Each structure stands twice: as C-alpha cells, then as structure tokens.
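Structure record follows, encoded as structure tokens.
The values are calculated or read from the model by the stated rules, or taken from the named source; none is laboratory data. Keep in mind it's a predicted model, so treat the numbers as computed, not measured. We place every Cβ from the backbone using ideal geometry, glycine too, and count neighbours over all the protein chains shown.
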Amino acid sequence: MLVRSLLIFVLLAVVFAVGGSAAGASTIPPAYVPNQLIVQMASGSTQTDLNAAMTALGATVKRPIALPNTYLVELNPTRGEGVEAAATRARSINGIVKVSPNYQRFRHAIPNDPLWSRLWGCE
C-alpha cells in the first residue's frame with residue numbers, strides 16, 4: 001500500500017512538473033525589445049560618425065539616452081537579422097564603443113510598506 005501511494009505521488013509530481021513548465025514557457029516575455037539596441041559611441045564622436053555607424057549597421061536612431069553619446073537604435077526588421085547578431089556585428093563597427101540589447105525589466109513584487117505612496121520622489 002505504501003509503495004503504491006508513493007508511486008502515485010511521484011507520478012503526479014512528474015505530470016505537474018512537466019505540465020507546469022510547458023504552460024509557463026508560453027507566458028515568458030522576451031528578455032529584450034525586438035529590433036532595438038542601445039549603442040554608445042566613442043567620446044568625441046560627431047553626428048557624421050553616428051550617421052556612418054547607423055548606415056553600416058542598417059539602423060536608425062530612435063532617441064538619445066541620458067548617458068553620454070548613448071542612443072536607442074531601431075534595427076531594420078527587413079534585414080532578417082536577430083538582435084544578438086546585430087549586436088555582434090555592431091561591436092566591429094568603427095566608432096561604436098558599447099552595444100547591448102534593450103533589455104526589459106519587470107517588477108516581481110509590490111512593496112509591503114503602507115507608506116510607500118508617501119515616499120519622496122515616487123510621484
């Protein structure tokens with residue numbers, strides 16, 4: 001009887017583990033925004049240098065970011081190139097110092113502080 005109960009328990013655990021992972025896999029959001037990179041140009045780069053780098057990358061500047069010489073860049077989706085491949089290629093372009101995908105961040109918990117809404121700067 002004990003062996004039978006243990007066997008049923010293990011079987012149910014395996015079924016729920018496999019079913020749970022398959023269901024969870026479809027709801028996981030992508031780690032980064034598709035067709036976007038964050039690119040930092042070398043110090044002293046001009047607008048001409050930026051334009052040349054974007055032409056070589058096949059991308060357009062969406063907007064500057066609050067870091068020096070750093071831009072949010074939109075890749076041309078018709079090229080069929082993934083974000084990782086474009087980032088690797090961008091590292092070899094003259095004038096580009098740093099490149100990374102535009103990673104998404106998600107909140108995983110809500111603070112349990114009852115005065116959270118009164119904190120300075122959380123408007």
Residues of the range 82-106 classified as in contact (Cβ under 8 Å) with a residue 40 or more places away in the chain and either loosely packed, with under 12 Cβ neighbours inside 10 Å or acidic (Asp, Glu) (or both), total
4
Would you confirm whether any residue within the range 3-18 is of a type outside the set (Val, Ile, Thr), at pLDDT 95 or above and farther than 25 Å from residue 106 by Cβ?
no
Looking only at the range 62-75, which residues are part of a loop (DSSP other than H, G, I, E, B) and either crowded, with 17+ Cβ neighbours inside 10 Å or touching a residue at least 40 places away in the same chain (Cβ under 8 Å) (or both)?
69
How many residues are among the β-branched types (Val, Ile, Thr) and assigned to a helix (DSSP H, G or I) if we restrict to the range 89-123?
0
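Could you please let me know if residue 86 is out of contact with any Gly (no Cβ under 7 Å at 6 or more places or on another chain) and assigned to a loop (DSSP other than H, G, I, E, B)?
Criteria not met by residue 86.
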The range 66-87 - residue that is at pLDDT 95 or above and of a type in the set (Val, Ile, Thr) and, of those, farthest from residue 49 (Cα to Cα):
73
Filter result (over 15 Å from the mean Cα position of the chain (by Cα), among the small types (Gly, Ala, Ser) and under 25 Å from residue 30 (Cα atoms)) within the range 87-103
90
Suppose the filter is exposed (fewer than 12 other Cβ atoms within 10 Å of the Cβ), farther than 20 Å from residue 33 by Cβ and within 22 Å of the chain's Cα centre (by Cα); does residue 109 pass it?
yes
Residues (in contact with a strand residue (DSSP E or B) (Cβ under 7 Å, 6 or more places away or on another chain) and closer than 17 Å to residue 101 by Cβ) located in the range 68-80
70, 71, 72, 73, 74, 75, 76, 77
